[in-house]
1. Out of all the residues in the stretch 148-160, is one or more outside any helix (DSSP H, G or I) and either touching a Lys or Arg at 6+ places or on another chain (Cβ under 6 Å) or under 17 Å from residue 64 (Cβ atoms) (or both)?
2. Can you name every residue in the stretch 59-98 that is over 13 Å from residue 131 (Cα atoms), of a type in the set (A, V, I, L, M, F, W, C) and part of a loop (DSSP other than H, G, I, E, B)?
3. Which one of these does residue 95 not meet: (1) more than 27 Å from residue 162 (Cβ to Cβ); (2) surrounded by 16 or more Cβ atoms within 10 Å (Cβ to Cβ)?
4. Find the residue count for the stretch 53-69, including only residues that are small (Gly, Ala, Ser) and at pLDDT below 95.
5. Residue under question is residue 128, and the condition is that it be open to solvent by less than 70 Å² (accessible area, probe 1.4 Å), farther than 22 Å from residue 49 by Cβ and outside any strand (DSSP E or B); does it hold?
6. Of 101, 123, which residue is in a loop (DSSP other than H, G, I, E, B), under 21 Å from residue 55 (Cα atoms) and acidic (Asp, Glu)?
7. Determine which member of the set 147, 155, 127, 121 is at pLDDT 95 or above and within 16 Å of the chain's Cα centre (by Cα).
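The values are calculated or read from the model by the stated rules, or taken from the named source; none is laboratory data. Owing to the predicted nature of the structure, the values given are computational and were not obtained by experimental measurement. Heads up, the Cβs are rebuilt from the backbone with ideal geometry, glycines too, and the neighbour counts pull from every protein chain shown. What goes into the accessible areas is simple: the full protein's heavy atoms, side chains included, and nothing from ligands, DNA or RNA. Shrake-Rupley method; radii C 1.70, N 1.55, O 1.52, S 1.80 Å.
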Amino acid sequence: MAGGSEPGGVRVQHVRIGRILGWANFALVLAGSAQAEATRFVVPECRAGSTRQDALTGVGERGELILASGSRAILGGIRWPVEDDGAARAWLLRHRDRPLELVPRGEADRWGRAQVDAAVLDEAVDLAGGLIAEGLAYVDAGERDTLCRPALLSLETEARGAARGLWRTG
């Protein structure tokens with residue numbers, strides 16, 4: 001009889017299911033290994049440091065974040081607009097004195113500033129992503145060879161397509 005109604009047919013189905021589960025487990029192990037490999041080979045300038053909290057107290061030259069702790073940082077993955085930074089500065093200062101979660105990436109620059117990913121904790125606002133989405137800054141790896149947050153490019157494309165901020169014509 002077909003379909004596993006015989007004792008031998010049931011065994012064949014169990015063997016097939018066992019093989020399928022075995023291959024599925026093998027695939028999961030490979031996926032985990034691939035993820036571990038990818039993590040190990042992150043370029044040093046994109047490697048995330050220890051997350052810390054701080055607060056924005058001001059904005060310095062070229063978008064430098066002045067923090068309550070006394071340290072200074074720059075947002076990773078953006079180029080501050082030199083032609084007109086008033087709107088970008090105002091946007092950042094709306095988040096003054098709010099708790100930020102900072103994730104440093106790579107080593108500090110030659111002026112001792114950490115390159116960071118920064119988010120406002122109580123609103124989950126990504127500062128670099130917000131500036132880019134509003135068209136107030138450009139996506140750029142800066143002095144680094146690698147853009148650590150390539151997803152910012154899609155935000156810039158949307159801002160450019162909607163003619164927001166720096167992308168307005170006329």
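1. Applying the first criterion (outside any helix (DSSP H, G or I)) to the stretch 148-160 yields 148-151.
Then keep just the ones that are either touching a Lys or Arg at 6+ places or on another chain (Cβ under 6 Å) or under 17 Å from residue 64 (Cβ atoms) (or both); that gives 148.
Yes, there is a match, as at least one residue in the stretch 148-160 is outside any helix (DSSP H, G or I) and either touching a Lys or Arg at 6+ places or on another chain (Cβ under 6 Å) or under 17 Å from residue 64 (Cβ atoms) (or both).
2. 68, 82
3. The single condition residue 95 does not satisfy is (1).
4. Within the stretch 53-69, the subset small (Gly, Ala, Ser) is 55, 58, 60, 63, 68-69.
Those left that are additionally at pLDDT below 95: 60, 63.
Summing the residues that are small (Gly, Ala, Ser) and at pLDDT below 95 in the stretch 53-69 gives 2.
5. Values: open to solvent by less than 70 Å² (accessible area, probe 1.4 Å): yes; farther than 22 Å from residue 49 by Cβ: no; outside any strand (DSSP E or B): yes.
No, not satisfied.
6. Values: 101 fails: in a loop (DSSP other than H, G, I, E, B).
When all the criteria are applied, what remains is 123.
7. Values: 147 fails: at pLDDT 95 or above; 155 fails: at pLDDT 95 or above; 121 fails: at pLDDT 95 or above.
None of the other options fit; the residue is 127.
The rows are residues; the columns are (1) open to solvent by 20 Å² or more (accessible area, probe 1.4 Å); (2) among the acidic types (Asp, Glu).
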position	(1), (2)
69	yes, no
84	yes, yes
88	no, no
91	yes, no
103	yes, no
122	yes, yes
140	yes, yes
